[in-house]
Amino acid sequence: MNTSPSLMQSLRELPAKYPAVLSGYIIYLYLFIVMIRFFVVARTSTIDYYDVIEMFDALPFMWLLAMMLVKVINVRTQLHESETQRIMKEQELQIKETQIGTMREVVRGLQHQINNPLAIILLMVHRMKRSPLTLDDSTSINTIEMESQRINQALKDFSETQEYETEQIGKTLGAMAVPGKS
């Protein structure tokens, strides 16, 4: 019971799957019919040049049509391949945009969590600078201030960059994201 509908479905899909083969069968069938007609007419009467041209005149046009069909199929295949490549590149671009958006959200969260303690540290450093200090205390305070500003600058660079790169920081730790050089 099920073989009949599936057979009909396969027959319907045959021209779409193999149009060049189908057109070849049609051309050879036409050629066979014309040749049989030619031999039947040749047996019953004499054939001149005009009769031969009249019987076989559609054959070159059918070959031309079949050749154009094959060319159209090739063009459609190339168009399909280029469209597939375009879609893949577009998907890749969307994935990268999503990754960059996610990276920015992570940086904003990190920035929010680090900026509050960093502001307090810098406030205390400025307060300690105004009080009388020894030379060792002054050097330590300057080092703390420079490193705090470095943290602040790194967070600012991460939040303002347009692209991220990865940098290998060790075999055990793996790669880490760094702001792109633009």
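The values are calculated or read from the model by the stated rules, or taken from the named source; none is laboratory data. In this text the structure is predicted, and so the values were computed from the model without any measurement. Here the Cβ positions follow ideal geometry from the backbone for every residue, glycine too, while neighbour counts run over all protein chains shown.
Any chance you could count how many residues in segment 1-31 are hydrophobic (A, V, I, L, M, F, W, C) and touching a residue at least 24 places away in the same chain (Cβ under 8 Å)?
4
With the condition kept exactly as written, say whether any residue in segment 66-84 is surrounded by 13 or more Cβ atoms within 10 Å (Cβ to Cβ), assigned to a helix (DSSP H, G or I), without any contact (Cβ under 8 Å) to a residue 40 or more places away in the chain and hydroxyl-bearing (Ser, Thr, Tyr).
Looking for residues that are surrounded by 13 or more Cβ atoms within 10 Å (Cβ to Cβ), assigned to a helix (DSSP H, G or I), without any contact (Cβ under 8 Å) to a residue 40 or more places away in the chain and hydroxyl-bearing (Ser, Thr, Tyr), one finds none in segment 66-84, hence no.
May I ask you to say which residue of Arg76, Arg108 is among the charged types (D, E, K, R) and within 30 Å of Ala20 (Cβ to Cβ)?
Arg76
As an exercise: evaluate Val34 against (1) without any contact (Cβ under 8 Å) to a residue 24 or more places away in the chain; (2) over 45 Å from the mean Cα position of the chain (by Cα) and give the number of the one condition it does not meet.
The single condition Val34 does not satisfy is (1).
With respect to Arg127, determine if the residue is outside the structural domain of Gly24 (by TED's automatic domain parsing) and either touching a residue at least 24 places away in the same chain (Cβ under 8 Å) or farther than 19 Å from Thr161 by Cβ (or both).
Against the criterion (outside the structural domain of Gly24 (by TED's automatic domain parsing) and either touching a residue at least 24 places away in the same chain (Cβ under 8 Å) or farther than 19 Å from Thr161 by Cβ (or both)), Arg127 qualifies.
β-branched (Val, Ile, Thr), part of a helix (DSSP H, G or I) and under 30 Å from Thr77 (Cβ atoms): is that true of Val21 in this structure?
yes
Right, Thr102: more than 15 Å from the chain's Cα centre (by Cα) and assigned by TED's automatic domain parsing to the domain that holds Glu160 or not?
Against the criterion (more than 15 Å from the chain's Cα centre (by Cα) and assigned by TED's automatic domain parsing to the domain that holds Glu160), Thr102 qualifies.
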